[in-house]
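To start, the structure itself, in structure tokens.
The values are calculated or read from the model by the stated rules, or taken from the named source; none is laboratory data. Please read all numbers here as calculations on a predicted model, not as lab measurements. Heads up, the Cβs are rebuilt from the backbone with ideal geometry, glycines too, and the neighbour counts pull from every protein chain shown. What goes into the accessible areas is simple: the full protein's heavy atoms, side chains included, and nothing from ligands, DNA or RNA. Shrake-Rupley method; radii C 1.70, N 1.55, O 1.52, S 1.80 Å.
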Amino acid sequence: MSNNLRAAIIGYGLAGRTFHSNLLKGAGFEIAAVMLTSENRKAQVGSDFPTAVVVSTLKELIELKPDLVVVASPNSFHAPQAIELLKAKIPVVVDKPMALIAKETEDIIKVSESEGVPVTVFFNRRWDSDALTIKKIIAEGILGNIFRFEARFERYRTLGNPDSWRERLSPAEGGGKLLDLQPHLLSTTIDFFGQGELQYSSVRSIRGLSDDDSFLVLKHKNNIDSYLSACEVMGSPGPRIRLTGDKASLIVHGLDPQEGFLRQGLYPENGKWSVDTRTPAFIHRGDEITEYESVPGDYVQFYLRVKAALETGTAMPVSTDDALYIARTIDQARANSVR
């Protein structure tokens, strides 16, 4: 009999199968159950986790009394499913975004507090190689007084995919890249510089589907501004990260490699990656460019911290204050968009 904490997952698409199941396994959780309706997904669960129970309703899942449930269903289901689980006294991790709008996010947090059951949201990008590298270089002071931060998720896809619910559905139904990518950009930004004030937002659809081009500007304390871009139709994507102080800039071009490894079926065994999860980083001082020793990415830390929270009562890895701030900022960005 395993003494591992028993985790259940709702949904077994990219988020549930590729990210959550592998990272839960890497952190020492037992995948005890998966909730889904697709016959194809059932076969995948049976192949990946032969001892996991497959259920089709939340009632069945709750009756199994798992130690943790990961809500990795489409966005519109996040709030009702999380609330029902919390009322059943089951701790919850919600894939980002926590909910469609700030009001739903508030409702989840209120139930968590009233029931005394923890909830957190999966902002795994805080453990990207570039995010951990930024924390290191800020602490070292190499860049001088930091005044500008730029972060991007940009790629070139001139044709949308109407079969993708994220691209097809309206924002009210959970679609669009503002809900998909900007929460990650906001999450890492406030982790570095604290919660800022939204100064500008542009949210629009270029390809005629859900919003696929958004740009947000935040003002933080200490004279730091953040420029956050998520665009699906960028013919010349900018650097993933540019962090600038009055002495130098830190540039990171590539994406963190962990998603690629997870898609290949690799995972951090016993809490540690056996492959190189660093993203190259460079310090620019005009024409002078030097490589900076980047920090390995470490997504499994999220679930190791969830595990510690469940076992010892320490804080969950992402606070509900941050989750609510991000939800409110997304609402504000949409409402105040100049487009």
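Before moving on, here are some points about what is shown:
- Test: residue in the range 57-70 that is open to solvent by less than 10 Å² (accessible area, probe 1.4 Å) and touching a helix residue (DSSP H, G or I) at 6+ places or on another chain (Cβ under 6 Å): yes
- Taking strands (runs of 3 or more DSSP E) as the structural unit, no element lying wholly within the range 231-339 holds at least 3 residues that are free of Cβ contacts under 8 Å to residues at least 40 places away in the same chain and among the charged types (D, E, K, R).
- Any pair with Cβ under 7 angstrom, 6 or more apart, that starts in the range 74-97 at a residue that is within 18 Å of Lys307 (Cβ to Cβ) and ends at one that is of a type in the set (Phe, Trp, Tyr) and assigned to a strand (DSSP E or B): Val93/Phe122; Val94/Phe122; Asp95/Phe122
- Screening Asn3, Asn40 for residues that are assigned to a helix (DSSP H, G or I), of a type outside the set (Gly, Ala, Ser), free of Cβ contacts under 8 Å to residues at least 12 places away in the same chain and open to solvent by 10 Å² or more (accessible area, probe 1.4 Å) leaves exactly one candidate, Asn40.
- Restricted to the range 133-154, and to residues there that are within 18 Å of the chain's Cα centre (by Cα) and open to solvent by 40 Å² or more (accessible area, probe 1.4 Å), the residue that is farthest from Ser294 (Cα to Cα) is Arg152.
- Among the candidates Ser170, Ser164, residue that is more than 18 Å from the chain's Cα centre (by Cα) and either closer than 25 Å to Glu259 by Cα or open to solvent by less than 20 Å² (accessible area, probe 1.4 Å) (or both): Ser164
- Across the range 214-230, the number of residues qualifying as out of contact with any helix residue (DSSP H, G or I) (no Cβ under 6 Å at 6 or more places or on another chain), open to solvent by less than 60 Å² (accessible area, probe 1.4 Å) and not in a strand (DSSP E or B) comes to 0.
- Set Ala281, Ala248: member being buried (at least 19 other Cβ atoms within 10 Å of the Cβ), more than 23 Å from the chain's Cα centre (by Cα) and not aromatic (Phe, Trp, Tyr): Ala248
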